[in-house]
Amino acid sequence: MKVLIATEKPFNAKAVEAIKKELESQNHCVKLLEKYTSTDELKDAVKDAEAMIVRSDKITKEILDAAPKLKVVVRAGAGYDSIDTAYAKEKGVVVENTPGQNSNAVAELVFGLLIYMCRSCFSGKSGCELKGKKLGILAFGNIGRHVARIANGFGMEVYGFSRSHAENPKKEDGVQFVATKEELFKQCDIVSVHLPANEHTKQSVGYDVVNLMKKGGILVNTARKEVINEPELLRLMGEREDLKFVTDIKPDADAEFAKFEGRYFTTPKKMGAQTAEANANAGIAAAQQINAYFKDGCTKFQVNK
Ligand code: 3PG
């Protein structure tokens with residue numbers, strides 16, 4: 001089968017080698033398209049592909065229509081909001097993700113961002129420590145679990161909110177679950193957002209809920225920019241000089257947020273999952289899933305059933 005690895009933001013070279021090796025062990029023929037800059041390049045590359053491995057690459061109707069032989073797309077990562085899963089389903093294309101494979105990398109970056117912000121952007125000015133602070137984890141999936149583990153190591157008090165714990169909030173494995181999102185923001189000094197971007201979550205972190213945070217609150221986003229209501233957060237940060245915002249996904253209103261010098265930081269390009277380990281874990285898992293799909297028809301990780 002012809003398998004296209006299409007990554008606008010490439011995996012590291014060793015991970016690419018390992019992914020190829022895995023696919024070639026089943027005699028698949030691998031094509032690599034990295035750092036492409038136009039939709040046309042991607043459309044041209046997919047025209048004979050029967051399977052694809054992607055990252056946050058946008059797999060739209062236009063791309064799916066340009067890929068008449070495509071049977072399976074594996075998103076090497078967790079979030080698949082960049083793929084038109086419904087249209088893929090209509091066309092009989094299986095879409096899968098690789099849950100959990102890059103979670104630790106994202107969780108570690110949360111603390112990198114937090115320390116940078118707590119230590120006054122490494123300016124030499126006095127800052128604060130994480131020990132003893134209350135950390136709220138908004139959505140408790142694979143990444144949230146890693147964040148909780150690391151936060152406990154820092155000696156933080158860890159709180160969590162997830163729909164599955166909302167009915168019966170209790171303390172579990174060092175995490176105090178709360179019944180509502182509002183309660184989480186009210187309780188915590190820091191809130192780390194781990195929501196997927198979907199119809200329920202888009203724009204869901206805005207003025208009212210963030211304004212519940214205590215003086216000096218820090219909001220961390222390593223999820224998706226769409227879950228933040230940017231105009232509302234900008235308004236709130238304008239009104240509250242104590243609030244800070246650190247993000248791994250550059251907001252659309254980056255230039256406006258940048259006016260809050262010392263209280264706002266964004267990475268230039270989403271880098272939560274940009275580690276050798278995460279690239280290898282997610283990439284090899286994607287290759288194995290493609291092998292299993294063609295060998296046994298396995299669709300265990302399908303997200304568009
Ligand atoms: C994910 O959804 O897996 C993460 O956001 C990582 O995305 P990336 O592969 O585009 O870095």
Revision key, fill the gap. Flagged pairs (Cβ under 7 angstrom, 6 or more apart or on separate chains; first in the range 203-224, farther than 17 Å from THR180 by Cβ and not assigned by the TED database to the domain that holds ALA78; second acidic (Asp, Glu) and within 16 Å of the ligand (Cβ to nearest atom)) are ASN221/ASP248; THR222/ASP248; ARG224/ASP81
Check your understanding: On the given criteria, is GLY100 modelled with pLDDT of 95 or more, open to solvent by less than 70 Å² (accessible area, probe 1.4 Å), assigned to a loop (DSSP other than H, G, I, E, B) and within 15 Å of the ligand (Cβ to nearest atom)?
Key -> yes
Check your understanding: What is the number of the single condition among (1) closer than 30 Å to CYS118 by Cβ; (2) surrounded by fewer than 22 Cβ atoms within 10 Å (Cβ to Cβ) that CYS298 does not meet?
Key -> (1)
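For (1) among the hydrophobic types (A, V, I, L, M, F, W, C); (2) part of a loop (DSSP other than H, G, I, E, B), each residue gets a yes or a no:
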position: ALA67; (1), (2): yes, yes
position: LEU109; (1), (2): yes, no
position: CYS121; (1), (2): yes, no
position: ARG145; (1), (2): no, no
position: VAL158; (1), (2): yes, no
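Condition check ((1) aromatic (Phe, Trp, Tyr); (2) more than 10 Å from the ligand (Cβ to nearest atom); (3) crowded, with 23+ Cβ neighbours inside 10 Å) across all residues:
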site	(1), (2), (3)
ASP254	no, yes, no
PHE265	yes, yes, no
LYS269	no, no, no
GLY272	no, no, yes
GLU277	no, yes, no
ALA280	no, yes, no
GLN288	no, yes, no
ALA292	no, yes, no
Exercise for review: Please state which of the following conditions GLU62 fails to meet, knowing it meets all the rest: (1) open to solvent by 50 Å² or more (accessible area, probe 1.4 Å); (2) within 16 Å of the ligand (Cβ to nearest atom); (3) not basic (Lys, Arg).
Suggested key: (2)
**Study point:** Pair list, Cβ < 8 Å and 6+ apart or interchain, from the range 76-89 residues that are within 14 Å of the ligand (Cβ to nearest atom) and at pLDDT 95 or above to residues that are open to solvent by less than 30 Å² (accessible area, probe 1.4 Å) and of a type in the set (Ser, Thr, Tyr)
**Key:** ALA76/THR98; GLY77/THR98; ALA78/THR98; ALA78/SER103
Practice item. Those residues that are away from the ligand (no atom under 15 Å from the Cβ) and either over 25 Å from ARG119 (Cβ atoms) or basic (Lys, Arg) (or both), I need them from the range 212-235; list them, please. Key: LEU212, LYS214, LYS215, ASN229, GLU230, PRO231, GLU232, ARG235
Practice item. Within the range 29-47, identify whether any single residue is in a loop (DSSP other than H, G, I, E, B) and within 19 Å of ILE284 (Cβ to Cβ), and answer yes or no. Key: no
**Study point:** Only listed residue being in contact (Cβ under 8 Å) with a residue 60 or more places away in the chain and within 16 Å of the ligand (Cβ to nearest atom), chosen from SER25, SER56
**Key:** SER56
**Study point:** Options ALA280, ALA286, ALA223: the member that is small (Gly, Ala, Ser), under 20 Å from the mean Cα position of the chain (by Cα) and within 27 Å of GLU129 (Cβ to Cβ)
**Key:** ALA223
Revision key, fill the gap. ASN142 fails exactly one of (1) open to solvent by less than 30 Å² (accessible area, probe 1.4 Å); (2) within 14 Å of the ligand (Cβ to nearest atom), namely (1)
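Report yes if GLY124 is free of Cβ contacts under 8 Å to residues at least 24 places away in the same chain, within 16 Å of the ligand (Cβ to nearest atom) and open to solvent by 20 Å² or more (accessible area, probe 1.4 Å), otherwise no.
no
Return yes or no: is PRO169 open to solvent by less than 60 Å² (accessible area, probe 1.4 Å) and without any contact (Cβ under 8 Å) to a residue 24 or more places away in the chain?
Numbers: open to solvent by less than 60 Å² (accessible area, probe 1.4 Å): yes; without any contact (Cβ under 8 Å) to a residue 24 or more places away in the chain: yes.
For PRO169, the condition - open to solvent by less than 60 Å² (accessible area, probe 1.4 Å) and without any contact (Cβ under 8 Å) to a residue 24 or more places away in the chain - is met.
The values are calculated or read from the model by the stated rules, or taken from the named source; none is laboratory data. From a predicted model like this one, the values you see are computed outputs, not experimental measurements. Note that we place each Cβ from the backbone using ideal geometry, even for glycine, and neighbour counts take in every protein chain shown. Ligands, DNA and RNA are stripped out before the accessible areas are found, and what is left, the full protein with its side chains, is counted by its heavy atoms. Shrake-Rupley method; radii C 1.70, N 1.55, O 1.52, S 1.80 Å.
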